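All remarks here apply to the structure that follows.
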Amino acid sequence: MSRNDTARAEQQKVGWADVTAHADALGDALRTGGEQLPSEDVAHAQQVLRKIPARQGIVGGRTVVVLAGATGSGKSSLFNALVAEPVSRIGARRPTTSVPTAAMWGSEPSGELLDWLGVGTRHQVPRSARRAETLDGLVLLDLPDFDSRVAQHRAEADRVIELADVFIWVTDPQKYADAVLHDDYIKRLSGHNTVSLVVLNQIDRLDRAQISECVDDLHRLLAADGLAGVPILPTSAVRGFGVDDLAGTIGSVVAERNAAEQRLLADVRRAARTLSAGVAPTEVDLREQDDTELTDALSRAAGVPAVVDAVRRDYQRQAEHHGGWPFTRWVHRLRPEPLKRLRLDEAHTMNRSGAKLALGRSSLPPPGPAARAAVDVATRKLGRHAAQGLPALWADAAQEAATPGDEHLHDTLDQAVIGTDLHEKRPMWWSVVSGLQWLFAAVALVGLVWFGLLVALGMANVDASSPKWLGLPIPLLMLIFGLLAGVLLALISRWAAARGARRRAERVRARLRTSIAAVGSEQIVEPVGRVLQAHRETRESLTAAAR
């Protein structure tokens, strides 16, 4: 099967369902990534999407074919030759055509379609006219020259070309390689192979060898422009050469009754391919990113080291209080309570009681310049990692998502610290040691009172004997034992308190880091992830639309 036969087979398969499916995919891409795609390309894609329902809503099955070409290419002569009447004015002064002229074949109403096209000059070709049956259903437009020096003429040609179903690019042996034709039009509409024809007019000026050479060279230029395999029809509108072949080719396209779908589908695909330059072929996976550095920086900014130290000192203070000598415990009450000073003890009490935690602030100091700089470095590193390989607009969006406002971030971190439980169940050994201390204190106190009583009786010359053990009075031994045991137990309790405080501090540090990591994920990682997800969805939608 030849390339043209393949293209024709594909053309027969295309319907409005295909156009709608591709348009939906393009619309999805604009919704998910429109802000990160080039604005000019987005505007063009939106214009294409608006055109689809407008064209689909026009009742009827007419096919709009435009004759587009440069000044002097013979468009109007070719138009009149196809109509078989001098409908389009031809004159020595150029440009002659200033507004589009329409010729309609067949009885199907075309007023709504021509109103949408904005074409006022209309000619109904009689049913008795030559080629009337071949071209039934055709609306042929003769456009102003697209290289006209009059800007209004060129703008009018561009406007109608955007709305037409089929393009017939009319050129001549002198201008077939003209830059305006190739750079401004054919390249811009590359991919519209199934709805494009090229006419090499005025071949009566060439011999057979020159015609063949021009056609081959034009094929080469078209292939370079993205229109490989497009038919090139040599004609001479003045002599009538090739006009019947052109009419037959146009009639075949019109008979398919799906040129509009082909044109719009090609528009969607081209818009999607153009927008695809604004996305990368892949995205990084944030799940592989080590967030340790980010959590470390946020922990410092949130004052976690100060909180952990306060937890350690608070535990040690309470442990020493329970394990300390009862006669000196009042000294511990004079020491400041670290967690209360940071307004964290109250938050813990509210959490334990099930009360709703008020959105207040702790008394933790705000992060200093070094802590803020560490957060900035960590977030920028994450943003750079996410932006790897992304186009500039997407990379900027990823970087912006990775850098939330300082005040909002600090407030959220503060709430995470307040909401973390900093306390645990009171250790059992505190009660045991406290009970022993009171026992030893009682022994020492009884010994002291007993021994004092004996001393007082002795001073009063009252004979009062005391039981002895190892040659020493038991009251004295009780006093010494109670004091020494209490001091020794206090020293052991101090050592145990230091170890327990370190362990408690490490457990609290782990809980705080979990809370801080959750803030980092919610405030920084997830927004960046949403940018990458939007990029992924945009890329996949553009791929589906361009397929």
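Only one entry of A510, A485 meets the criterion of being of a type in the set (A, V, I, L, M), in a helix (DSSP H, G or I) and either touching a helix residue (DSSP H, G or I) at 6+ places or on another chain (Cβ under 6 Å) or touching a residue at least 40 places away in the same chain (Cβ under 8 Å) (or both), and that entry is A485.
Taking the numbered list (1) in contact with a His (Cβ under 8 Å, 6 or more places away or on another chain); (2) assigned by TED's automatic domain parsing to the domain that holds S252 in turn, Q36 passes all entries but (2). Number of residues in the stretch 283-322 that are at pLDDT 80 or above and part of a loop (DSSP other than H, G, I, E, B): the value is 5. Is there a residue in the stretch 298-316 that is of a type outside the set (K, R), within 23 Å of R530 (Cα to Cα), in contact with a Gly (Cβ under 7 Å, 6 or more places away or on another chain) and crowded, with 17+ Cβ neighbours inside 10 Å? Checking the stretch 298-316: at least one residue is of a type outside the set (K, R), within 23 Å of R530 (Cα to Cα), in contact with a Gly (Cβ under 7 Å, 6 or more places away or on another chain) and crowded, with 17+ Cβ neighbours inside 10 Å. The set of residues in the stretch 248-284 being over 30 Å from A397 (Cα atoms), of a type in the set (G, A, S) and surrounded by 20 or more Cβ atoms within 10 Å (Cβ to Cβ) consists of A259, A260, A266. All conditions but one from (1) in the same structural domain as A45 (by TED's automatic domain parsing); (2) assigned to a strand (DSSP E or B) apply to L233; the one that does not is (1). Give just the number: which of (1) within 31 Å of the chain's Cα centre (by Cα); (2) modelled with pLDDT of 95 or more does A247 not satisfy? Result: A247 fails condition (1) only.
Restricting attention to the stretch 179-221, and to residues there that are in a loop (DSSP other than H, G, I, E, B) and over 42 Å from the mean Cα position of the chain (by Cα), which single residue is surrounded by the most Cβ atoms within 10 Å (Cβ to Cβ)? Top of the filtered list is N201. Remark: E261 falls outside the filter, which requires a residue to be more than 23 Å from S148 (Cβ to Cβ), free of Cβ contacts under 8 Å to residues at least 12 places away in the same chain and in a helix (DSSP H, G or I). Regarding D158, is this residue surrounded by fewer than 14 Cβ atoms within 10 Å (Cβ to Cβ), part of a helix (DSSP H, G or I) and among the charged types (D, E, K, R)? When the stated conditions are applied, D158 does not pass them.
Among the listed residues L488, L532, identify the single one that is outside the structural domain of T274 (by TED's automatic domain parsing) and farther than 30 Å from T412 by Cα.
When all the criteria are applied, what remains is L488.
Within the stretch 401-424, restricting attention to residues that are in contact with a helix residue (DSSP H, G or I) (Cβ under 8 Å, 6 or more places away or on another chain) and charged (D, E, K, R), the residue that is surrounded by the most Cβ atoms within 10 Å (Cβ to Cβ) is D414.
Yes or no, residue by residue, for (1) β-branched (V, I, T); (2) modelled with pLDDT under 85:
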| site | (1), (2) |
| --- | --- |
| P366 | no, yes |
| R384 | no, no |
| Q388 | no, no |
| A402 | no, no |
| L413 | no, no |
| H423 | no, yes |
| V433 | yes, no |
| L439 | no, no |
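Looking for something touching a Ser or Thr at 6+ places or on another chain (Cβ under 7 Å), touching a residue at least 12 places away in the same chain (Cβ under 8 Å) and of a type in the set (S, T, Y) - is there at least one such residue anywhere in the stretch 184-197? No, that holds for no residue. None of L233, L189, L138, L181 is within 28 Å of V48 (Cβ to Cβ) and at pLDDT 95 or above except L138.
Every residue in the stretch 528-547 that is surrounded by fewer than 18 Cβ atoms within 10 Å (Cβ to Cβ) and part of a helix (DSSP H, G or I), please. First the steps, then the outcome.
Our first condition is that a residue be surrounded by fewer than 18 Cβ atoms within 10 Å (Cβ to Cβ); within the stretch 528-547, this holds for 530, 533, 536-537, 540, 543-544, 547.
Across the stretch 528-547, the qualifying residues are R530, Q533, R536, E537, E540, T543, A544.
Cβ separations smaller than 8 Å between residues 6+ apart or across chains give the following pairs from the stretch 45-60 residues that are free of Cβ contacts under 8 Å to residues at least 24 places away in the same chain and over 20 Å from P109 (Cβ atoms) to residues that are part of a helix (DSSP H, G or I) and hydrophobic (A, V, I, L, M, F, W, C): Q46/L30.
The values are calculated or read from the model by the stated rules, or taken from the named source; none is laboratory data. Just so it is clear, the model here is predicted, and its values are computed rather than measured. Every residue, glycine among them, receives a Cβ derived from its backbone with ideal geometry; neighbour counts consider all protein chains shown.
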